[in-house]
Amino acid sequence: MIVGPCIALAALGLAGGIVGGRRWPRVWLALTLMAATGGLGAALVLLAGGADWVWRSALPVGGEVIHLRLDGVSAVFLALMSVVGGAGAVYSREYWSDREQRRSAGRGRRWWSGLMASMGWVLLSANGLHFLLGWEAFTVCAFFLVTLDGRMKAVRRAGWLYLAASHAGTVCLFAFFALLAHSVGSWELGPMREHVELAPLFWLVLAGFGVKAGLFPLHVWLPSAHANAPSHVSAILSGVAIKMGVYGLVRFSGWLPVPAAAGWVVIVAGMVSAVLGIAFALAQDDLKRLLAYCSVENIGVILIGLGAAMLGAAHGGNGLQWGRLALAGALLHVWNHGAFKALLFFSAGSVLHATGTREMSRLGGLWRAMPWTAGAFALGSVAVAALPPLNGFVSEWLIYLGLFDAVTTQGPAAAVAVPAAIVLGVAGALALATFIKAGTIVFMGAARTRRPAHAHECGVLMRGAMCGLAAICLGLGLAPQLLRPILLRATAAWHPAWGGVDPGAPLVPLGTASLAVAMALAVGVVLVFAHVRRNGLNRSVTWDCGYATPGARMQYTSGSFGDLAARWFRWILRPERRLRRPRGPLPDGAVLVDRHPETMLDRVLRPASTGVLHVSTAVRRLQHGRLQSYIVYLVAGIAVLALMVLLGGSQ
């Protein structure tokens, strides 16, 4: 069996990376790539037809025997973690180098290896207690990676917010695993669909894993953490770490019985996250914060597919067909989003590395100095907008097809499939507008400040990581039929009744459509170049709207693009505007500043937490150390209890 040796190779590489991460960066990179290769090999061998891998240790940890399992579901996420983790390690050797980051580079390598090891442990663990241990280690490693540049106050605040939100989710997961172990008499995990009494525990699963996944409105930690972390850390947070929340939802919705309303709640939560996530993204001026909110949108897309799968499984009959199709699209979108979002964060990191700013309103015209980065960002933008011939198109269309098939059924599932398909379309249109805004503001036009004038292209390691992910996005878009056996294995592992249903049939026509679009684009490019070569280029001044000397300040700004979202979604975005109009015939200046706050954090959670703090402070004043007062409290409590007993007896 080849899966076991591959897992052992990955564990050996990660262990060596943790030990040697500080002093030997090249050795660390080699060990990390060895671990990534081992993890990817194990996942692909199993998904290509290998048997599930199960291993039990002879020695207990915490009173429980270590039980590891790799099946079709966990293999999908393990493969993604291996690819993005390996690419991020290559990228970080140049982006967060020892020469530029002497104090934190070695520390970052150790925490990176620890993050990959703990996430791999979560994916393999089949014991609730050990799952929680791995989950907590994963959270702590991510915290120290987010706060690598702890000298900045914004970074420290983002790290603590992430840690607080993560532990709130962990409390829900601790309650879930404890109640599960109490009900079945064991911490062991596995299929338990026959235990119908466990169905209410799904709500703890949704809350606990929803926080880590960044499900709206549980996403409050995500924008600041992704924006303030180093860009390679942002890539693995968005590409892999939030997918651990998705993994938990997929894993336990497949292993455990779920309430009748679970599918409806998940699909509606996905719809809300998809639309509001991309609305917040369109309003942002911070490039990395824009990408962070876009991750909330894509989590919503994945949950729409998962919710449809849960409805299909509950529907039975032909629901198994469209449900499995939606689940295949959701799992494929997990992979696709991990690839193109890591590519986009790498591109944003290259821009930040070259210019020192994430504010799009300070950039412009970077494609001349950074053609590789501009090309990578453009390719990632096409993928995230779900346009052919790239991978985002394939996975989202699988979800569409599942929803379209659900519409034709006679039952309540059709009632939610129509609005879900409409929401997917709206989110896709807003995503296209968002990345047209980001790409044109950052890379096209003229430089808006002096910062882009000193921009330079990134080095070979950063370019290599971006090119590798770009190749994956293009390959999965042009040849999705190669993924058919992988999707068959993964979806069959989620639900036992889906062994005879094939979700991969639409992959061939989708691949053909992508290939046709790619060929049409290639022919168009060839014709344009041939025309230019034959006739040359005619250069002239563009239409300047009456201005004889147009300047950089006359360009469209990030705020002008985002004004559309601000007006449509003003009820949730709650924009803050500072306006000083020009006055007099010769005005000395004017100011217009738009700010879009973190609505859920600033307008809901912070006021609520302030209220709780005031109440707790008032209660704390009762603890003053005077014995007489404590006796009064005790007598008052006894009197209240006696009164309650008397009132209860009289009734």
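Only the coordinates and a few stated rules stand behind these numbers; no lab work does. Every value quoted in this text rests on a predicted model; they were computed, and no experiment measured them. Reconstructed Cβ throughout: ideal geometry from the backbone, glycine too, with neighbour counts over all protein chains shown.
Couplings for the range 352-365, taken from phi via the Karplus curve 6.51 cos²θ - 1.76 cosθ + 1.60 with θ = phi - 60°, read 5, 5, 8, 10, x, 9, 9, 6, 5, 5, 9, 10, x, x Hz in order; Gly and Pro are left as x. What's the FRET efficiency of S361 with I422 using the Cβ-Cβ distance as r and R₀ = 25 Å, to the nearest 0.05? Plugging the Cβ-Cβ distance into 1/(1 + (r/R0)^6) gives 0.15. Look at the alpha carbon pairs under 8 Å that are at least 6 residues apart: their mean separation over the length of the chain gives a relative contact order of 13 percent. Each label was represented as a point 7 Å from its Cα along the Cα-to-Cβ direction; for D563 and A164 these points are 3.6 nm apart. Note down the net charge around A274, summing +1 for each Lys or Arg and -1 for each Asp or Glu among other residues with Cβ under 11 Å from its Cβ. My count for the surroundings of A274 gives -2. Amide H contacts under 5 Å for L387: F393, restricted to partners 5 or more places along the chain or on a different chain, H placed in the peptide plane at 1.01 Å from N.
Computed with the Debye formula from one identical point scatterer per Cα of the range 50-120, without solvent, the log10 of I(q)/I(0) at q = 0.22, 0.26 Å⁻¹ comes to -0.97, -1.13.
In order along the range 169-183, the phi-based Karplus estimate (6.51 cos²θ - 1.76 cosθ + 1.60, θ = phi - 60°) of 3J(HN,Hα) comes to x, 5, 4, 5, 5, 4, 4, 4, 5, 5, 5, 5, 5, 5, 6 Hz; Gly and Pro are listed as x.
The string of couplings for the range 227-233 from the Karplus curve (6.51, -1.76, 1.60, θ = phi - 60°) is 6, 8, 6, x, 5, 5, 6 Hz, one whole number per residue in order, with x for Gly and Pro.
How big, on average over all directions, is the shadow cast by the Cα convex hull of the chain, in nm²? With every direction weighted equally, the projected area is 39.4 nm².
What you get for the chain, charging only the Cβ of Lys and Arg (+1) and of Asp and Glu (-1), is a dipole of about 2460 debye around the Cα centre.
Near the amide H of M192, within less than 5 Å, lie the amide hydrogens of L256, all on another chain or at least 5 residues away, with H placed in the peptide plane. Toward the positive end of the charge dipole of the chain, with +1 on the Cβ of Lys and Arg and -1 on the Cβ of Asp and Glu, the farthest Cα among F77, G312, A126 is that of F77.
Where does the Debye-calculated log10 I(q)/I(0) of the range 203-290 sit at q = 0.26 Å⁻¹, using only Cα point scatterers of equal weight, no solvent? Values, matching the q order: -1.37. Sorting the segments 302-311, 161-170 by their residues' average number of neighbouring beta-carbon atoms within 10 angstrom, most packed first, yields 302-311, 161-170. When peptides 586-599, 230-243 are sorted by average Cβ neighbour count within 10 Å, with the highest value leading, the order is 230-243, 586-599. Sorted from greatest to least, the principal axis extents spanned by the alpha carbons of the range 599-650 come out as 49, 35, 6 Å. Per-peptide packing, taken as the mean over residues of other Cβ atoms within 10 Å, places 468-478, 119-129, 530-540, 100-110 in the sequence 119-129, 468-478, 100-110, 530-540 from highest down.
Between A51 and A15, the C-beta separation translates, for a Förster distance of 25 Å, into a calculated FRET efficiency of about 0.45.
Computed over the chain, the per-residue total of -39500 (n - 2.57) for DSSP H runs of n ≥ 4 gives a 222 nm mean residue ellipticity of -23000 deg cm²/dmol, rounded to 500.
Put simply, the amide H of A447, placed in the peptide plane, has no neighbours under 5 Å, leaving out anything fewer than 5 places away on its chain. Compared with the rule-of-thumb size 2.2 N^0.38 Å for a compact globular protein, the range 262-530 has a Cα radius of gyration ratio of 1.06.
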